[in-house]
1. Kindly list, by first and then second residue, each pair from a residue in the stretch 296-322 that is under 17 Å from LEU362 (Cβ atoms) to a residue that is basic (Lys, Arg), limited to pairs with Cβ atoms under 7 Å and residues at least 6 apart or on different chains.
2. Looking at the stretch 195-218, is at least one residue out of contact with any helix residue (DSSP H, G or I) (no Cβ under 8 Å at 6 or more places or on another chain), hydroxyl-bearing (Ser, Thr, Tyr) and surrounded by fewer than 14 Cβ atoms within 10 Å (Cβ to Cβ)?
3. Against the condition in contact (Cβ under 8 Å) with a residue 60 or more places away in the chain and of a type in the set (Val, Ile, Thr), how does VAL238 come out, does it pass?
4. If you check SER319 against the conditions, is it farther than 13 Å from THR204 by Cβ, among the small types (Gly, Ala, Ser) and surrounded by fewer than 22 Cβ atoms within 10 Å (Cβ to Cβ)?
5. If ASP233 satisfies all but one of (1) of a type outside the set (S, T, N, Q); (2) buried (at least 19 other Cβ atoms within 10 Å of the Cβ); (3) part of a helix (DSSP H, G or I), what's the number of the condition it fails?
6. Filter the stretch 23-80 down to residues that are without any contact (Cβ under 8 Å) to a residue 24 or more places away in the chain and touching a Pro at 6+ places or on another chain (Cβ under 8 Å), then give me how many there are.
7. Filter the stretch 333-348 down to residues that are over 20 Å from ALA24 (Cβ atoms) and crowded, with 22+ Cβ neighbours inside 10 Å and give me whichever is farthest from the chain's Cα centre (by Cα).
8. Would you pick out the residues in the stretch 71-87 that are surrounded by fewer than 19 Cβ atoms within 10 Å (Cβ to Cβ) and part of a loop (DSSP other than H, G, I, E, B)?
Amino acid sequence: MHRSRSRADDDVRMRGFAKRHTVAQALAWLDMQVHTLAAEAAPLRNAAGRVLAASAASEVDVPGFDRATMDGYAVAAASTEGATPYTPLPLTVVGESMPGREFQGAVSLGEAVRIMTGAPMPEGADAVLPAEFAGIESDPRRITALAAVSPEKNLGKRGEDIARGTVLLDAGRVLRPQDLGVLSSIGVSKVEVVRRPRVRLAITGNELLPAGTPPHGARIADANGPMLEALIDRDGGVADFPGLIPDDREAILAALQSEADVVVVSGGSSVGIEDLAPMLVAQHGELAVHGIAMRPSSPTGLGRMGDCLVFLLPGNPVSSLCAYDFFAGRAIRALGGRGKQWPYRSVRGRLSRKLSSPIGRLDYARVKIADGSVDPLAVGGASVLSSTTRADGFMIVPDDSEGFPAGAEVEVWLYDAHA
């Protein structure tokens, strides 16, 4: 914990920002603070979407035996040499091999074992005669081979799916459903995964009503809570959101003094008279960044309270979304072992019209895309959350650029990763 400073030093309310950090400076500080959290064991059935903490290698062969890949008869291939429908060769059926119940014996020349797909190949058999190439005789102990099969025909070899010692999945992989199937096939019941970051979500504001409540008078419904909870879940965090917090010093300080890995505060991050959070972080912890040269989200703050990272997001919904994606989401993803970069796919297109921006400020512009044409919807309008639902994605105008002319090829990050 950092030494407390005087309120006069920390209170920037109604005084404005003396300076604004660049986005690059804020990210540089942030990246020095994050490290991957420790591993924990998770039951395999609950591990989908979790991040693998260590590479997974197989200690067994899969399959652990040679097996039939067709229904038919396990034979020594030499027993069928020269067989045709016109010159069938007789075979004696000496038993059967079923999945989970193998034939207890060996196959000699001139013999066959009835076998089903997936069943173990008997000793002495090196091929499977498909059922359609077997002539059925009146005596159930006799068949005829109506075609020849070559050695290793219609059988799967031991270890052909997974050989013992093979590294199947690398550390850092976000486990997919099929990964769980593979891990189960090698006998894994629990898997070492990176612990999910615990995120205390503090939505502040006397004007707020609980999410989903019809707004009335001067009160508005909380939009940031549901949005940020969903974003935290998307990025692998576990959100703790016990309810709205009034613009009260003690209530906000209590939320900041959390045992979580991350505290995300929404609202009260600027320089208004009720913007208490920055002053409290500065007095009781470290306020490393406050005020960033970007639009929207310029009142964003980054800091620490003990071992906990703190992100002060503006209350305006678009600003909150933008600041979360740039900073808080990056930290949550990194802590949980995921990539720091945005979880959005990008496409390229050409601007339909000029997009201007002043040197020294990064702009986050919501855009629509149609037939490869990129149409900017908004750069400002930090409170107009519906601009993000009308938009297909966003583009960035870097702080060393004055913008892009009409017809310029630009990169767009899509809100819908599956679009």
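The values are calculated or read from the model by the stated rules, or taken from the named source; none is laboratory data. As the structure is a prediction and not an experimental result, all values here were calculated from the model. Reconstructed Cβ throughout: ideal geometry from the backbone, glycine too, with neighbour counts over all protein chains shown.
1. SER298/ARG20
2. Yes: one or more hits.
3. For VAL238, the condition - in contact (Cβ under 8 Å) with a residue 60 or more places away in the chain and of a type in the set (Val, Ile, Thr) - is not met.
4. No; evaluated as a whole, the condition is false for this residue.
5. Against the list (1) of a type outside the set (S, T, N, Q); (2) buried (at least 19 other Cβ atoms within 10 Å of the Cβ); (3) part of a helix (DSSP H, G or I), ASP233 comes up short only on (2).
6. Matching residues across the stretch 23-80 total 0.
7. LEU335
8. Residues satisfying the conditions are ASP71, GLU81, GLY82, THR84, PRO85, TYR86, THR87.
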